Structures are given as structure tokens and as C-alpha cells.
Amino acid sequence: MTTAMPPPAREPLSARRVLVTGASAGIGESTARALTARGARVALVARRGERLAELAAELPGAVAVPADLTDDAAAAAAVHTAADAFGGLDAVVNAAGVFHGGPVLGDEPSTPDQWRRMFGLNVVALLVVTRAAAEHLERGTEPAVVCVSSMSGRRVPNPAGAVYAASKHAVHAVTEGLRAELAPRGVRVTTVSPGFVRTGIVDGWPDGALRDRYTERLATVGLDPAVVADGIVHVLASPAQVVEYALTSVTQ
């Protein structure tokens, strides 16, 4: 007598249709790679069209959807383009973000234009993308939204990061609101809050003591973006009760 083996467990992310913003680099790119490795189909959304095309050619089932997410109409259109390409959406990962360091006063201060850009991309674009995606998600399979915030959204580590931290505090606030609005539609909303992550956030900063200080800190205590991506994938593959997830290194 032989005993029938149970069928292999289904990969929870197989064929899931996921839109990832900020997909051309950093956490967004790493998340797109991790999702594809688990069988998901990923819509890559970011400004750099050439880079997205390269990634889409490399990642099975991925599509490139170039868009400037600080343009509200372009951001919403990108969501609908991705949904049309896949015949719907099952998840959105809001990973696009920007950090302009510098105190409000004192040496190497940040500027009002930089403050507006941080809130525009880190907060407003997240809201525009999520609102546009809602109609597609509520028809999806195990629909979910992941909003990438930061441990800076729970504290202000230093004056040079205060405005960025304010934008991430706002991400926590609007994510809680979105969670309450989307729960009746069956859409789970989760916040993922990493500490320092080794990305290219300081690449566009001018040379100076501030850039040197952040570069050294990222190199010595920063998390690998792939670690954050694994956390995001874990959230999407976990039961719907997971609504907040934090990652930081022991040295931060």
C-alpha cells in the first residue's frame, strides 16, 4: 500500500500582478527582482525609462511603465496602463521616495524646493497611485498595498533629516487612513519601515561634510536593499493580519 503525497504548497505570489513604484533602483528595484523570483508579474514604474526597459527585459513577465510620479495625471495614468497590461492588479508597492538632507537653519541647509519635492514624491505620489489603483485592487486576488516608510517616520534622528522624517511621519498617518478606507473593500494596507538602507540617496547631493557623513553612515550601518525587499515580499506572502513591518540593523 502506498500513501499519496500531498500536492506541493502553492507559491502565494505566483502570477500575482504587482505594481512597484521607484522600480529603477534601490528598494524598488530589489523588490521587483524578489517578486519576480517568486513568480509574480511586476509593473515597473519610475522616471528612468531606459533603465526600466533594461529591467523589464531581464525580469520574466515584467513590463516597464515610465512615469514622473510627481505629475499627478502621469502617476494615475501609469497605474491604469499597468492594470491594462496585466488585466488587473493584485498589489501595489509604493517604494518611490527621495531624501534631501540638510537642516532648516545652519550650515548646508535644505531648500523649500527640496521640502516640496520630498512631500510631493514621498507622500502625494503615494496617495495618487493608491487612489488610482483602488478600483483595480478591489477586483484583484488577495489585494494589498505596501507603503514603504522609514524608521524616521517614528523619530527624528537629527536636524539634517527632520523634513524627510516629517514626510515619513506623514506616510505613517496617510497609510493608517488608507488602511481604514480600503479594509471594507477587502484591500490590506501595510507599512514597511526600514532603517538606513544602502541606496543612491546621496548621489545627487553636493560635495560637503553632510554628504560625507551620510555616505559613511550608509556604508557602515546601512541595510542591503535586498533585505528590505525580502521583508516586503514576506508581507505580501503573509496573512492579511500583518499591517506593519519594521527592519533595522543591530548597529543602527
- Filter pass, residue 87 being loosely packed, with under 15 Cβ neighbours inside 10 Å and within 16 Å of residue 28 (Cα to Cα): no
- Within the set of pairs 6 or more residues apart or between chains, which connect a residue that is in contact (Cβ under 8 Å) with a residue 12 or more places away in the chain inside region 16-36 to a residue that is among the hydroxyl-bearing types (Ser, Thr, Tyr) with Cβ atoms less than 8 Å apart? 16/141; 20/31; 23/31; 25/199; 26/199; 27/199; 28/21
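In the list 106, 140, 102, which residue meets the criterion of being at positive phi, crowded, with 21+ Cβ neighbours inside 10 Å and not basic (Lys, Arg)?
On the way: 106 fails: crowded, with 21+ Cβ neighbours inside 10 Å; 140 fails: at positive phi.
Exactly one of 106, 140, 102 is at positive phi, crowded, with 21+ Cβ neighbours inside 10 Å and not basic (Lys, Arg), namely 102.
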- Task: Would you check which residues across region 128-162 are under 19 Å from the mean Cα position of the chain (by Cα), of a type in the set (Lys, Arg) and farther than 21 Å from residue 231 by Cα and list them?
- Result: 131
- Scan region 223-240 for residues that are touching a helix residue (DSSP H, G or I) at 6+ places or on another chain (Cβ under 8 Å) and not acidic (Asp, Glu) and jot them down. 225, 226, 228, 229, 232, 233, 236
- Query: Is region 70-81 home to any residue that is touching a Leu at 6+ places or on another chain (Cβ under 7 Å), in contact (Cβ under 8 Å) with a residue 12 or more places away in the chain and of a type in the set (Val, Ile, Thr)?
  - Reply: yes
- Message: Could you go through region 42-64 and let me know if any residue there is in contact (Cβ under 8 Å) with a residue 40 or more places away in the chain, crowded, with 24+ Cβ neighbours inside 10 Å and part of a loop (DSSP other than H, G, I, E, B).
- Response: no
- Query: So which residues in region 60-90 are of a type in the set (Gly, Ala, Ser) and touching a strand residue (DSSP E or B) at 6+ places or on another chain (Cβ under 7 Å)?
  - Reply: 61, 62, 64, 67, 78, 82, 85, 88
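For (1) farther than 25 Å from residue 23 by Cβ; (2) surrounded by fewer than 22 Cβ atoms within 10 Å (Cβ to Cβ); (3) touching a strand residue (DSSP E or B) at 6+ places or on another chain (Cβ under 7 Å); (4) at pLDDT 95 or above, each residue gets a yes or a no:
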position	(1), (2), (3), (4)
159	yes, yes, no, no
193	no, no, yes, no
200	no, yes, no, no
204	no, yes, no, no
218	no, yes, no, no
227	no, yes, yes, no
240	no, yes, yes, no
245	no, yes, yes, no
- Note on the structure: Scanning region 65-86 residue by residue, those among the aliphatic types (A, V, I, L, M) and closer than 25 Å to residue 39 by Cα turn out to be 65, 67, 78, 79, 82, 83, 85
- Query: Given the residues 116, 131, which is the only one that is part of a helix (DSSP H, G or I), without any contact (Cβ under 8 Å) to a residue 12 or more places away in the chain and charged (D, E, K, R)?
  - Reply: 116
- Among the residues of region 73-103, which ones are part of a loop (DSSP other than H, G, I, E, B) and either modelled with pLDDT of 90 or more or closer than 15 Å to residue 134 by Cβ (or both)? 87, 88, 89, 90, 95, 96, 97, 98
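So that you can scan it fast, the table gives a plain yes or no per residue for (1) modelled with pLDDT of 90 or more; (2) surrounded by 23 or more Cβ atoms within 10 Å (Cβ to Cβ); (3) at negative phi; (4) more than 13 Å from the chain's Cα centre (by Cα):
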| position | (1), (2), (3), (4) |
| --- | --- |
| 6 | no, no, yes, yes |
| 9 | no, no, yes, yes |
| 22 | yes, yes, no, no |
| 31 | yes, yes, yes, no |
| 40 | yes, yes, yes, yes |
- Item | Meets criteria (closer than 26 Å to residue 32 by Cα, at pLDDT 95 or above, of a type in the set (D, E, K, R) and surrounded by fewer than 17 Cβ atoms within 10 Å (Cβ to Cβ)) for residue 181 | no
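The values are calculated or read from the model by the stated rules, or taken from the named source; none is laboratory data. The structure presented is a predicted model; accordingly, all values stated were derived computationally and were not measured. Every residue, glycine as well, gets a Cβ built from its backbone with ideal geometry; the counts of neighbours run over all protein chains shown.
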